[in-house]
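Visitor: Dropping a structure here in C-alpha cells format, bear with me for questions.
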Amino acid sequence: MLSFAFRRLLTAIPTLLVLLALAFALIRVAPGGPFDAERTVPPEIQERLNETYYLDEPLWMQFGRYLGGLLRGDFGPSFQYKDFTVTELIAAGFPVSLQLGGLAMLLALLAGVSIGTLAALKQNSRVDHIAMSAAMTGISIPNFVLAPLLVLLFAVTLRWLPAGGLGTWQNLVLPVIALALPQIAYISRLTRGSMIEVLRSDFIRTARAQGLPMLEVLIVHALKPALVPIVSYLGPATAGIITGSVVIEQIFGVPGLGRYFVQGAVNRDYTLVMGVVVFYGVLIIVFNFLVDLAYRWLDPRVKL
C-alpha cells in the first residue's frame, strides 16, 4: 500500500506541472494586463510597475520565478487586492467554498444513492422511469442555467429563500441545491446500474434464501460493493462541484474562492488566478488519491 501511494504521488507531479504551465500561458495570452484598469500613468511609472512585479522579464523566467515561490509556499502578492497576498485571499475564501462544496457533495451522495437504490428495487416500474427521467433532465441542464431558475422560483416568486449573500443557513440552500442537482442525477444513474448488478449476484440470492430481511440485505451486503463505481466517480464529481462553484458563487454573491477566481480573471490578476488554479489542482489530485485508496477498502479484489 505504501509503495502504491508513493507511486501515485510521483505521477501527480508532472500532472501538476502541466497544469501550471497551461494556466500560466493562458492567463498571459488573454488581452489586457493587470494594470489596464488603473488610471493612465506615465510610461516611466508603468515600467516601474512592471519591474516591481517582474513583468518585464521573459515568460520562461517569470515561470521559473513563480515555481521557486511555490516551492517556498509563496503564491505571491495580488495585483488588484494590494493589501492582501494570494495566500491570505485563499485562506479567507476557501472555508466558504469548502462549506458550500461539502454540503453539496453530501446532499448529492445521500440523495443520489437513495434515488438510485429505489429505482433499482423498482426496476422498469413507474418509479424507476420517473427517477431516471428526472436524472437525465438534471444531467442536461447546467448549473449556471439552473441557478437563476431557482432564484426566480424560490426567491423572487415564492419568497421562501434569500436570493444570495452569506449569513444564515437559508442563504446556503439555493447555491447548495444548484451545485448538487447535476451530481445527484449522475450518482443516481450510477447507483441504479451498480445496484441492479449486485442484487443479481449469487451472494445476494444466498442471503435472501437464508431469510434475511431486504433492508438488512441492502445495507449489510449490497450497499458496499454497489458503491465501488460511485467512489470512482467522486473524483470527477468533486472537480465538477469545484468548477461549478466558481460560477455559482458569482451568481449568488457568495464570498468564496470561486468569486475571487472570477474577479481575478476579469482583472487579469495573474498571481490570484494562478494561486486558485494551483490550490484547486492540488486539492483534486489529493482527493483522487484518497479515492484510489478507498477502492481497496470497498472491494478487496481490486488490485493495487
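The values are calculated or read from the model by the stated rules, or taken from the named source; none is laboratory data. What you see is a predicted model; the values in this text were computed from it and never measured. Ideal geometry is used to build each Cβ from the backbone, glycine not excepted, and the neighbour counts take in all protein chains shown.
Visitor: If you take the residues in segment 94-114 that are surrounded by fewer than 16 Cβ atoms within 10 Å (Cβ to Cβ) and small (Gly, Ala, Ser), which one is farthest from VAL246 (Cα to Cα)?
Guide: So, considering only residues that are surrounded by fewer than 16 Cβ atoms within 10 Å (Cβ to Cβ) and small (Gly, Ala, Ser), the one farthest from VAL246 (Cα to Cα) is SER114.
Visitor: Under the condition of being aromatic (Phe, Trp, Tyr) and surrounded by fewer than 17 Cβ atoms within 10 Å (Cβ to Cβ), which residue from segment 122-176 is farthest from LEU103 (Cα to Cα)?
Guide: TRP160
Visitor: Further question: Can you tell me which condition ILE115 does not meet? The list is (1) modelled with pLDDT of 85 or more; (2) more than 10 Å from ALA185 (Cβ to Cβ), and all the others hold.
Guide: Among (1) modelled with pLDDT of 85 or more; (2) more than 10 Å from ALA185 (Cβ to Cβ), ILE115 violates only (2).
Visitor: Select from segment 232-243 the residues that are over 29 Å from GLY69 (Cβ atoms) and in contact (Cβ under 8 Å) with a residue 12 or more places away in the chain and write down the one among them that is farthest from the chain's Cα centre (by Cα).
Guide: Looking at residues that are over 29 Å from GLY69 (Cβ atoms) and in contact (Cβ under 8 Å) with a residue 12 or more places away in the chain, I get SER232.
Visitor: List every residue pair whose Cβ atoms sit under 7 Å apart, with the two residues 6 or more apart in sequence or on different chains, where the first one lies in segment 194-222 and is within 21 Å of SER114 (Cα to Cα) and the second, anywhere, is of a type in the set (Ser, Thr, Tyr) and not in a loop (DSSP other than H, G, I, E, B).
Guide: Once the first residue is within 21 Å of SER114 (Cα to Cα) and sits in segment 194-222, its partners that are of a type in the set (Ser, Thr, Tyr) and not in a loop (DSSP other than H, G, I, E, B) give MET195/THR117; LEU218/THR117.
Visitor: Please name all residue pairs, on different chains or six or more residues apart, with Cβ atoms under 9 Å, provided the first residue is in segment 78-105 and is touching a residue at least 12 places away in the same chain (Cβ under 8 Å) and assigned to a helix (DSSP H, G or I) and the second residue is among the basic types (Lys, Arg) and surrounded by 15 or more Cβ atoms within 10 Å (Cβ to Cβ).
Guide: Listed by first residue and then by second, the contacts come to GLY93/ARG259; VAL96/ARG259; SER97/ARG259.
Visitor: Please find, within segment 177-213, the residue that is surrounded by the most Cβ atoms within 10 Å (Cβ to Cβ) out of those that are hydrophobic (A, V, I, L, M, F, W, C) and within 19 Å of ASN124 (Cα to Cα). Can you show your working first?
Guide: Step one: filter segment 177-213 for residues hydrophobic (A, V, I, L, M, F, W, C), giving 177-181, 184-185, 187, 190, 195-196, 198-199, 203-204, 207, 209, 212.
From what's left, within 19 Å of ASN124 (Cα to Cα): 185, 187, 190, 195-196, 198-199.
On the way: ALA185: 24, ILE187: 27, LEU190: 21, MET195: 25, ILE196: 17, VAL198: 20, LEU199: 20.
Per the criteria, the residue is ILE187.
Visitor: I'd like the residue in segment 1-56 that is loosely packed, with under 15 Cβ neighbours inside 10 Å, among the aliphatic types (A, V, I, L, M) and part of a loop (DSSP other than H, G, I, E, B) and, out of all such residues, is modelled with the lowest pLDDT.
Guide: Among residues in segment 1-56 that are loosely packed, with under 15 Cβ neighbours inside 10 Å, among the aliphatic types (A, V, I, L, M) and part of a loop (DSSP other than H, G, I, E, B), the one modelled with the lowest pLDDT is ALA37.
Visitor: Report every pair of residues separated by at least 6 positions or lying on different chains whose Cβ atoms are under 6 Å apart, first residue within segment 255-269 and at positive phi, second among the hydroxyl-bearing types (Ser, Thr, Tyr).
Guide: none
Visitor: Moving on. Yes or no: ILE230 within 28 Å of LEU121 (Cβ to Cβ) and touching a Gly at 6+ places or on another chain (Cβ under 6 Å)?
Guide: On the way: within 28 Å of LEU121 (Cβ to Cβ): yes; touching a Gly at 6+ places or on another chain (Cβ under 6 Å): no.
Spelling it out, it is not the case that ILE230 is within 28 Å of LEU121 (Cβ to Cβ) and touching a Gly at 6+ places or on another chain (Cβ under 6 Å).
Visitor: Is at least one residue of segment 103-111 under 28 Å from LEU16 (Cα atoms), at pLDDT below 85, out of contact with any Lys or Arg (no Cβ under 9 Å at 6 or more places or on another chain) and among the small types (Gly, Ala, Ser)?
Guide: No, that holds for no residue.
Visitor: Being of a type outside the set (Lys, Arg) and surrounded by fewer than 19 Cβ atoms within 10 Å (Cβ to Cβ) is the filter here, so list the residues in segment 82-93 that pass it.
Guide: Of everything in segment 82-93, those that are of a type outside the set (Lys, Arg) and surrounded by fewer than 19 Cβ atoms within 10 Å (Cβ to Cβ) turn out to be ASP83, PHE84, THR85, THR87, GLU88, ALA91, ALA92.
Visitor: For segment 217-225, does any single residue satisfy the condition of being among the aliphatic types (A, V, I, L, M), within 33 Å of the chain's Cα centre (by Cα) and either closer than 30 Å to VAL282 by Cα or at pLDDT 85 or above (or both)?
Guide: Taking every residue of segment 217-225 in turn, none turns out to be among the aliphatic types (A, V, I, L, M), within 33 Å of the chain's Cα centre (by Cα) and either closer than 30 Å to VAL282 by Cα or at pLDDT 85 or above (or both).
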